[in-house]
Amino acid sequence: MSVSTPPTLRVDRRVQRTRRVLRSALIELVQQRGWDQVTVQDVCERADVGRSTFYVHYADKEELLISGFEELKSELRKHAATREEPLGFTLALLEHTMQYQSVVRALTGTGTLQVVQRKFMEVVIALVEDDLRRITGMDPLREAAARYLAGAFWELLRWWGGWGEQRRHTPAITVDQIFRQLTRPVLRELRRASRNCTAAAPKAKRA
């Protein structure tokens, strides 16, 4: 007796496939022509998808571009969950960047740099905050530290990638070790502040 695939699952798979081919088409075209020279019609023709279908999924090519970041965040979050140390996602993200370096270069050109940087920062800040919640519950300090570390990681990534200059050849694991070494004082300060806050709480209650 055969078991048929549930209709909702078939629909989900079709949706995933459509989104995949649209994203691949956009990336290929941006690599070839640059962001400003690519239109929604170009993407649809390359993906062999109708314009009406495109607009069912995305409002414009910018939304299509940043949609891949949510999938990346989900994968990095799963990876971080398998690591005991804070910021366990960083090496995986560096290796992902190295694997898709030609795509990264195409997507950080003049037309897309701000879009990519904004979404990249949102992803990294969210991942950093996930980890910092295990260290401190102090919202202002944790939120500030998350943005501080995300900004530092973005700049280190740009330096390592050599975007706009000759590419560095430092291995991803070495760059990750550098980031962790520079990050240790921040994590120590967060732990110290959290301990001080915890120690001060009973005194304040007694007063």
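Among what's in segment 20-30 and is surrounded by fewer than 18 Cβ atoms within 10 Å (Cβ to Cβ) and over 17 Å from Gln101 (Cα atoms), pick the residue that is modelled with the lowest pLDDT. Full working, then the answer.
Within segment 20-30, the subset surrounded by fewer than 18 Cβ atoms within 10 Å (Cβ to Cβ) is 20-21, 24, 28.
Going one step further and asking which of them are over 17 Å from Gln101 (Cα atoms), we end up with 20-21.
Values: Arg20: 91, Val21: 95.
So the residue we want is Arg20.
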Query - Selected residue (criterion: surrounded by the fewest Cβ atoms within 10 Å (Cβ to Cβ)) from residues of segment 139-155 that are modelled with pLDDT under 90 and touching a Leu at 6+ places or on another chain (Cβ under 8 Å) - result: Leu141
Report summary line: Residue hits (segment 31-51; part of a helix (DSSP H, G or I) and modelled with pLDDT under 95) are Gln31, Gln32, Arg33, Trp35, Asp36, Gln37
Report summary line: Taking segment 63-85 and keeping residues of a type in the set (Lys, Arg) and either under 30 Å from Gln32 (Cβ atoms) or outside any loop (DSSP other than H, G, I, E, B) (or both) leaves Lys73, Arg77, Lys78
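The values are calculated or read from the model by the stated rules, or taken from the named source; none is laboratory data. Predicted model only: the values in this text are computed from it and were never measured. So basically every Cβ, Gly included, is an ideal-geometry build from the backbone, and we count neighbours across all protein chains shown.
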